1. What do you reckon, is F235 open to solvent by less than 20 Å² (accessible area, probe 1.4 Å), under 27 Å from I329 (Cβ atoms) and within 29 Å of the chain's Cα centre (by Cα)?
2. Enumerate the helices (runs of 4 or more DSSP H) found wholly within segment 284-401, keeping only those where 1 or more residues are open to solvent by less than 30 Å² (accessible area, probe 1.4 Å) and in contact with a strand residue (DSSP E or B) (Cβ under 9 Å, 6 or more places away or on another chain).
3. Hey, could you check segment 511-543 for residues that are of a type outside the set (D, E, K, R) and in contact with a His (Cβ under 6 Å, 6 or more places away or on another chain) and say which is modelled with the lowest pLDDT?
4. Confirm whether G474 is assigned to a helix (DSSP H, G or I) and either modelled with pLDDT of 90 or more or of a type outside the set (D, E, K, R) (or both).
5. So which residues in segment 21-60 are farther than 23 Å from L334 by Cβ and in contact (Cβ under 8 Å) with a residue 60 or more places away in the chain, if there are any at all?
6. Could you list all residues from segment 568-588 that are β-branched (V, I, T) and under 15 Å from I518 (Cα atoms)?
7. Looking at segment 415-426, is at least one residue among the β-branched types (V, I, T), under 23 Å from A576 (Cβ atoms), part of a helix (DSSP H, G or I) and at pLDDT below 90?
8. Among the residues that make up segment 106-128, is at least one of them open to solvent by 90 Å² or more (accessible area, probe 1.4 Å), at pLDDT 80 or above, of a type outside the set (D, E, K, R) and not in a loop (DSSP other than H, G, I, E, B)?
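The values are calculated or read from the model by the stated rules, or taken from the named source; none is laboratory data. Everything numeric here is computed off the predicted structure, so don't read it as measured data. Positions of Cβ are generated from backbone atoms using ideal geometry, with glycine treated the same way; all protein chains shown enter the neighbour counts. Ligands, DNA and RNA are stripped out before the accessible areas are found, and what is left, the full protein with its side chains, is counted by its heavy atoms. Shrake-Rupley method; radii C 1.70, N 1.55, O 1.52, S 1.80 Å.
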Amino acid sequence: MARLPSPALAGHGTDVRLVRAAAIALLGTIAILTLYFGRDVLIPTALAVFFAFILGPALTWVRRLLPLPLSVAIVVTGGVVAGGIVAVLVFSQLADVAGSLTRYQANLHQKIQDVRALSQDGGTVSRFMSMAASLAQDLSLDAGTATAPAVRVRSDMSSFASVASFVAPLLHPLLSLGIIVILVVFILLDRDHLSDQFVRLFGASDVHATSKALGDAASRVARVLSLQVLTNFGFAVLVGLSLFALGMPNAVLWGLLAGALRFVPYVGAALGAVLPTIIAFAVLPGWLQPLLVLGCIVALDIVIGQVVEPLLFGESTGVTPLALILSAIFWGTLWGPIGLLLSTPLTICLLVVGKHVPHLGFLEILLGDQPALAPYQQIYRRLIRKAVADASAVALAEIEAKGPEAGLDDAMGRMVVLAEADDTFDRLNPAEVAAIVEGTDDVLDFLSAASDDAIAAPVALRSGASFRCIGGRGGIDDAAAAIIAFALRRQGFDASAGRRSDSEGELADDVGRVVVLICYASHPSDAVRRYNRRKVPAPQALHARHAVIDYDVAPVPPSLVGDAGPRDLWVGDIAAICRLAAHHALAVEGQGNA
C-alpha cells in the first residue's frame, strides 16, 4: 500500500504553491501596468504586427514571383492604397451624413407624431413625448438664435498660426500611421530573422518546441485574421448593396461600418445592426423600411456567421466565446477601440503560450474551448449535484464518439473508480454516495433507452447461463455492479444487478445456471473476498467470481484466462471483464450440458 505524504511535506507543498501563485499574480500585475502605461509604444507595435499578419499570405504569394524587397514594397503599397480608398469613402460619407441630417426633420417629426398617437391624451407616454418635444424646440430656438446673426470674428493670429492650429490635431495620428507602416515594412522584410530571434530568446534549449509554439501561434493568428478580413469585407459589401437596394442613403458607409464592427467579438455584430437601423428610422419614410434594414443586416450576419464562416474556418479559433467577450472587455479597457480590434488575435496568442509553456498552462484552461475535465470527471461532478440529465448526455456523447466498449469504460467505469477513491479517503458523505449510486442507475436506464446505433445491443449470445451482479461492499460497488450488468446485457447476456443490502434473499431464490458476479470499484482485501464468497448460496458458489474494475493493469487476453492469479478473481477494465464473463459462461454451460 502506498504511503501517504507526511504533514510536513504536505505543508511544504502548499507553501510552494502559494509562493508560485503569488509570483504569477505579481508578474501579471506588472504586465498589466506595463500594457496600460506603455500603450503609446505598444499600440503601434501591436497594430503593425496585426497588419503584418494580414499581409503575410499576400506576401508569400508575391514572393514566389519577385524578390523579397520588391514584394514587400508592392504588398505594403497595395495595403496603404486600399486603406486610403476606404478612409476617403468613409470620411466623404460621414460628411454627407452630417450635412443631410437637417433634411430629415420632417420625417422625424412625423414618426414622433405616430408614436404620440399610440398613447392616450394625458397619459405617461404623452407627457413624456410632450416634454421631449418641448426640449427639442428649445434647443432648436437656441441654435437658431446663435446662428442667425452674421458675426465676423477677427483673429490676431497669422496665417501660419492658423494653419498650424489646424494641422496640429492631425499630426499625431499621421505620425502614428507612418510609424505603423514603417514597422510593417521591416517586420515583413525580417520576419524569418525575427522568428529566429524569438527562438533564441525564449527557447534556445529546446528549439523544436519553441519553433512549434511560434509556428502554431503564427499560423492560427494569420489564418484567423485573413479569413476575418475576407468574410467581414464580404459582409460589408452585401450589407452596402442591400441597404442601397432598400433606398438607404450612404449605404457604403453603413456597409463598411457593419463590416468593421464584426472584428469586435459578438458585440460588434449587434452594434453594426443597431446603428444603421437608428439612422434608417430617421431618414426613411414609414416604419416598414427601417425594420427591413434591421432584418436584412441580421439575416446576412446569420448566414455569414452560421454558414459561411464554419465552412471557411473549418475548426474554431480554440477560444471559448466567454473568453473572447472577457478579452474584448479587458483589452478595450486597456487600449480603447484598438484593444477591441486586437482582442481576438491577442487572446489566441495567449492561448498558444498557455499550451506550450508548462508554468502558464492555466491560460489554456481558462481560455481554451477544450473540456477542462475528462468525461468521467464531468459525470462524477454532475451525479454528485444530482444533475442526471447532464451526466447522461456526457456519457452518451462519449459512447457515440468511442464506441460501446471504450466509451462505457471511459465514461462510467472510470467514474466509479474515481468515486471509490474519494470514498476511501472519506471525501464523500453518505448522501453523495447515494446520489452517485442512484444516478448511475438513472444514467444506465437512459443509455438503455437510447436508440442510437452506437450503443445498440448486438445479437444475443447462445448461452443458457445468466449473471447476477452484486456490489461487494455496498455503496460505490453497487454502482460498479450496475455498470458491469449493463455491459453484459450489451453483449447479449441475461444479466441483472442488485444492491449489497438486499442481495442474499434474491440469490437464494435464484435457480438454474446463475453466475454470481461480485463487483468492486477497487481491489478488495482477501478477507472481504472470502466473506463475500461464503455469503453466496452453495449451488452457486462454485461458479461465483469477483470482478474488480481496475485501469492500472493491462487487459487480460482471452488466451490467458485463468492462467494467472486466483481463479475466482477478474481484474481489468469493463471490456476485459465482459470477455472473461463470456468465456466463463460457455464453461458453465458446457458443465451443465455434461
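1. yes
2. Once the helices (runs of 4 or more DSSP H) in segment 284-401 are filtered for at least 1 residues that are open to solvent by less than 30 Å² (accessible area, probe 1.4 Å) and in contact with a strand residue (DSSP E or B) (Cβ under 9 Å, 6 or more places away or on another chain), what remains is 321-335, 337-356, 361-367.
3. The extreme case among them is V515.
4. no
5. If the condition is that a residue be farther than 23 Å from L334 by Cβ and in contact (Cβ under 8 Å) with a residue 60 or more places away in the chain, then L55, G56, P57, L59 are the ones that fit.
6. V571, I574, I577
7. Yes: one or more hits.
8. Looking through segment 106-128, none of the residues is open to solvent by 90 Å² or more (accessible area, probe 1.4 Å), at pLDDT 80 or above, of a type outside the set (D, E, K, R) and not in a loop (DSSP other than H, G, I, E, B).
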